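Engineer: Sharing a structure, written as structure tokens. Questions coming.
The values are calculated or read from the model by the stated rules, or taken from the named source; none is laboratory data. These numbers were taken from a predicted model, which means no experiment stands behind them. Glycine also receives a Cβ, built like all others from the backbone with ideal geometry; neighbour counts cover every protein chain displayed.
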């Protein structure tokens with residue numbers, strides 16, 4: 001395996017009836033900004049639980065953070081955080097609210113110019129308002145990492161930044177939050193977590209059995225438990241296993257010391273930027289194309305994946321790879337996620353726009369940095 | 001799975017040529033106490049590497065920490081740390097040196113009475129001198145947890161304490177340190193890590209597939225990579241996989257949200273206390289006895305272990321359990337660790353002494369707290 005540095009100090013508080021513990025985790029005498037989304041936390045009762053737990057705390061609220069959170073929205077929250085001089089931000093929601101909160105926390109203390117530089121120029125985050133999370137939707141893994149993905153509406157750009165400064169101080173994960181999620185969000189979450197694992201696993205072999213076995217363990221758990229959650233939303237144990245899988249999928253552990261891909265994410269972000277397609281659905285579209293176009297480069301790992309995850313042991317290597325792709329597509333579709341572009345009304349014009357965007361940017365994608373704009377085009381053409 | 005809290009802020013710096021990075025990790029202008037063992041670090045060159053890396057740092061040295069570190073030795077180091085007013089302790093060695101360093105760090109700032117209370121009475125550690133580790137021997141997992149096991153010679157007691165205050169700030173893991181280890185230490189390390197996993201896995205099912213798959217991933221890696229390390233000490237990749245396995249075996253992750261046993265460790269400690277047998281060897285003796293005596297209570301998990309780790313699929317449940325125990329014994333013996341008491345010149349008198357010690361203490365062992373002194377006796381009698 002490669003040399004690596006791994007550090008993840010996030011305190012995970014996992015299980016039933018844990019939301020009420022939030023008061024013990026926030027700093028004493030701090031002014032707290034509560035960030036949340038479109039109000040589902042009010043319908044589910046999570047908002048009331050938090051207000052009760054924090055009844056003796058000085059609170060400022062910023063609601064209305066959208067899915068694929070907007071830079072423009074975040075900057076309104078930054079203004080509020082500055083005006084109100086908040087000491088700590090508590091994110092209540094899924095990955096979108098938490099990603100927004102991370103950007104708000106960093107942007108509020110950014111003094112080296114335009115805060116958009118944190119994303120566009122990957123400017124270093126020297127400090128951030130400390131933050132914590134109550135996670136209501138397992139999917140992105142944002143609850144145990146320093147990653148954030150933000151969309152700037154004005155320029156139709158969706159891009160990421162990462163900094164240890166915006167790792168949550170704590171994340172409260174109560175699997176009962178899954179009970180009230182609609183099917184679509186559960187299905188998206190399963191696929192999002194699944195592809196986070198794939199992007200750190202389906203690369204090339206560097207002799208890293210611990211990372212490989214852990215990755216396979218998360219994949220097999222998502223395959224076994226995901227459908228159970230969809231079938232019975234009150235199945236606490238399956239919800240818990242799904243939730244812990246999504247966290248472990250992107251907390252740095254399975255990616256430590258191994259090559260990583262992220263081409264599927266980078267291309268998927270463009271589909272969201274141009275067409276507003278749910279993040280997980282863009283991944284479900286793009287991944288089969290990446291597997292097909294990079295079948296030679298990723299051969300050993302796709303064969304390992306096929307055998308260990310789907311039990312594929314017969315046929316030529318090419319046939320095994322085809323079957324692995326087919327099983328992957330079948331899994332996503334069984335959860336209700338279409339995997340081709342026409343199913344989302346995306347046509348060849350968008351492929352041209354995305355291809356030219358990668359041509360302009362110039363950099364190449366993938367674990368070998370060998371996916372140029374021509375291959376991006378081939379990947380998307382595979383999904384027409 | 002159970003509710004849990006998981007937090008592990010240790011910074012792991014893993015890989016080739018990482019020892020030279022130590023100077024970047026220790027606090028500026030701090031007075032450092034270097035702790036180490038019997039001098040093997042001087043033979044292997046690790047000592048020289050560290051002295052070079054820390055040539056501009058104010059250093060105090062405390063060498064001579066023994067295997068199964070003595071309380072009496074630690075207290076000498078505590079005196080030195082106090083006299084010299086050290087700000088940071090750097091542990092250079094294996095788990096014994098690091099466990100001693102953790103106790104020294106806590107005892108030096110303990111002001112509530114006799115420092116032995118930290119162990120004997122599990123007195124709370126409110127503060128400790130910050131510490132870091134350069135790990136030269138993969139085995140105990142001490143590099144990424146807050147655990148420490150100390151032996152008091154005067155009373156022939158070997159006992160543990162645990163506190164987040166003594167987690168290393170950083171641990172440098174250079175797999176090349178394995179190159180110079182004698183066979184016995186490598187074999188002991190493999191078995192120690194293996195049984196750490198077993199103690200968190202071979203209990204009863206709480207529907208925790210992530211924890212189970214991770215545990216199985218570590219076990220299978222140790223089985224595959226351990227013998228390669230023994231066969232070729234300069235095989236870097238196998239050494240790296242062994243080292244990372246040992247760390248992951250006891251950093252809290254696979255034990256989060258699941259029942260844990262630790263009976264094998266508790267009984268094993270007594271064999272070390274009375275006979276000075278290497279820690280790992282005591283575990284290799286005791287575990288098969290625990291599996292045999294608790295075969296009904298642990299049935300589901302032993303069957304899962306047998307099938308997933310050793311491919312045991314035929315026979316009655318009882319036969320499968322017998323085969324699982326036999327395969328486990330065979331693995332330990334293949335590494336050179338005898339697994340019965342007579343092979344260590346331990347006879348029935350010691351069993352009586354250990355049994356009566358557990359009778360006096362009164363508490364019961366195991367994940368169900370149902371192993372009383374009679375069962376301790378049965379476990380040891382099984383190993384005669």
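Engineer: Could you tell me which numbered condition residue B:295 fails, if it satisfies all but one of (1) more than 23 Å from residue B:69 (Cα to Cα); (2) not in a loop (DSSP other than H, G, I, E, B)?
Structural biologist: (2)
Engineer: Please list, ordered by residue number, the helices (runs of 4 or more DSSP H) wholly in region A:311-383 having 2 or more residues that are within 28 Å of residue A:231 (Cα to Cα).
Structural biologist: Helices (runs of 4 or more DSSP H) meeting the threshold: A:317-334.
Rundown of residues vs (1) in contact with a helix residue (DSSP H, G or I) (Cβ under 7 Å, 6 or more places away or on another chain); (2) away from chain B (no Cβ under 14 Å); (3) within 30 Å of residue A:115 (Cα to Cα), yes/no style:
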| site | (1), (2), (3) |
| --- | --- |
| A:158 | yes, yes, yes |
| A:182 | no, yes, no |
| A:205 | yes, no, no |
| A:225 | yes, no, no |
| A:228 | yes, no, no |
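Engineer: Could we say that residue B:283 is part of a helix (DSSP H, G or I), more than 14 Å from every other protein chain (Cβ to nearest Cβ), within 21 Å of residue A:208 (Cα to Cα) and touching a helix residue (DSSP H, G or I) at 6+ places or on another chain (Cβ under 8 Å) here? Let's see the steps before the verdict.
Structural biologist: Numbers: part of a helix (DSSP H, G or I): yes; more than 14 Å from every other protein chain (Cβ to nearest Cβ): yes; within 21 Å of residue A:208 (Cα to Cα): no; touching a helix residue (DSSP H, G or I) at 6+ places or on another chain (Cβ under 8 Å): yes.
Taking the combined requirement at face value, the residue does not satisfy it.
Engineer: Answer with yes or no whether residue B:192 is assigned to a helix (DSSP H, G or I) and either farther than 18 Å from residue B:139 by Cα or at pLDDT below 95 (or both).
Structural biologist: Values: assigned to a helix (DSSP H, G or I): yes; either farther than 18 Å from residue B:139 by Cα or at pLDDT below 95 (or both): no.
Answer is no for this residue.
Engineer: If you check B:338, B:288, which single one turns out to be modelled with pLDDT of 95 or more and surrounded by fewer than 16 Cβ atoms within 10 Å (Cβ to Cβ)? Walk me through how you get there before you give the answer.
Structural biologist: Numbers: B:288 fails: surrounded by fewer than 16 Cβ atoms within 10 Å (Cβ to Cβ).
When all the criteria are applied, what remains is B:338.
Engineer: Which one of these does residue A:261 not meet: (1) in contact with a strand residue (DSSP E or B) (Cβ under 9 Å, 6 or more places away or on another chain); (2) more than 14 Å from every other protein chain (Cβ to nearest Cβ); (3) assigned to a helix (DSSP H, G or I)?
Structural biologist: (3)
Engineer: For region B:151-180, give me the residue count where each residue is more than 26 Å from residue B:19 (Cα to Cα), in contact with a strand residue (DSSP E or B) (Cβ under 7 Å, 6 or more places away or on another chain) and not in a strand (DSSP E or B).
Structural biologist: So the answer is 1.
Engineer: Restricting to region B:71-85, name every residue that is in contact with a strand residue (DSSP E or B) (Cβ under 7 Å, 6 or more places away or on another chain) and buried (at least 19 other Cβ atoms within 10 Å of the Cβ).
Structural biologist: Residues satisfying the conditions are B:71, B:74, B:77, B:81.
Engineer: Still on this structure: Looking at A:213, A:233, which is the one that is in contact with a helix residue (DSSP H, G or I) (Cβ under 8 Å, 6 or more places away or on another chain) and more than 14 Å from chain B (Cβ to nearest Cβ)?
Structural biologist: On the way: A:213 fails: more than 14 Å from chain B (Cβ to nearest Cβ).
Testing whether each residue is in contact with a helix residue (DSSP H, G or I) (Cβ under 8 Å, 6 or more places away or on another chain) and more than 14 Å from chain B (Cβ to nearest Cβ) leaves just A:233.
Engineer: Further question: Does residue B:242 satisfy the condition of being assigned to a helix (DSSP H, G or I), within 14 Å of another protein chain (Cβ to nearest Cβ) and either closer than 21 Å to residue B:356 by Cα or at pLDDT 95 or above (or both)? Walk me through how you get there before you give the answer.
Structural biologist: Values: assigned to a helix (DSSP H, G or I): yes; within 14 Å of another protein chain (Cβ to nearest Cβ): yes; either closer than 21 Å to residue B:356 by Cα or at pLDDT 95 or above (or both): yes.
So residue B:242 passes the test.
Engineer: Taking the criterion of being within 23 Å of residue A:241 (Cβ to Cβ) and surrounded by 24 or more Cβ atoms within 10 Å (Cβ to Cβ), would at least one residue in region A:158-169 satisfy it? Give the steps one after another, and end with the answer.
Structural biologist: So in region A:158-169, the residues within 23 Å of residue A:241 (Cβ to Cβ) come out as A:168.
Now narrow it down to the ones that are surrounded by 24 or more Cβ atoms within 10 Å (Cβ to Cβ): A:168.
So far as region A:158-169 goes, yes, one or more of its residues are within 23 Å of residue A:241 (Cβ to Cβ) and surrounded by 24 or more Cβ atoms within 10 Å (Cβ to Cβ).
Engineer: Among the residues that make up region B:140-151, is at least one of them at positive phi, buried (at least 23 other Cβ atoms within 10 Å of the Cβ) and at pLDDT 95 or above?
Structural biologist: Taking region B:140-151 and keeping what is at positive phi, we get B:141.
Next, from what is left, pick out any that are buried (at least 23 other Cβ atoms within 10 Å of the Cβ): B:141.
Of the ones still in play, those that are also at pLDDT 95 or above are B:141.
Checking region B:140-151: at least one residue is at positive phi, buried (at least 23 other Cβ atoms within 10 Å of the Cβ) and at pLDDT 95 or above.
Engineer: Name the residues in region B:130-139 that are buried (at least 24 other Cβ atoms within 10 Å of the Cβ) and either farther than 18 Å from residue B:19 by Cβ or in the same structural domain as residue B:274 (by TED's automatic domain parsing) (or both), would you?
Structural biologist: B:139 - this is the single residue of region B:130-139 that is buried (at least 24 other Cβ atoms within 10 Å of the Cβ) and either farther than 18 Å from residue B:19 by Cβ or in the same structural domain as residue B:274 (by TED's automatic domain parsing) (or both).
Engineer: What is the number of the single condition among (1) under 26 Å from residue A:146 (Cβ atoms); (2) surrounded by fewer than 17 Cβ atoms within 10 Å (Cβ to Cβ); (3) in contact with a helix residue (DSSP H, G or I) (Cβ under 6 Å, 6 or more places away or on another chain) that residue A:268 does not meet?
Structural biologist: (2)
Engineer: Out of region A:1-55, which residues are assigned to a strand (DSSP E or B) and away from every other protein chain (no Cβ under 14 Å)?
Structural biologist: Initial filter on region A:1-55 (assigned to a strand (DSSP E or B)): A:4-14, A:31-35.
The answer is A:31, A:32, A:33, A:34, A:35.
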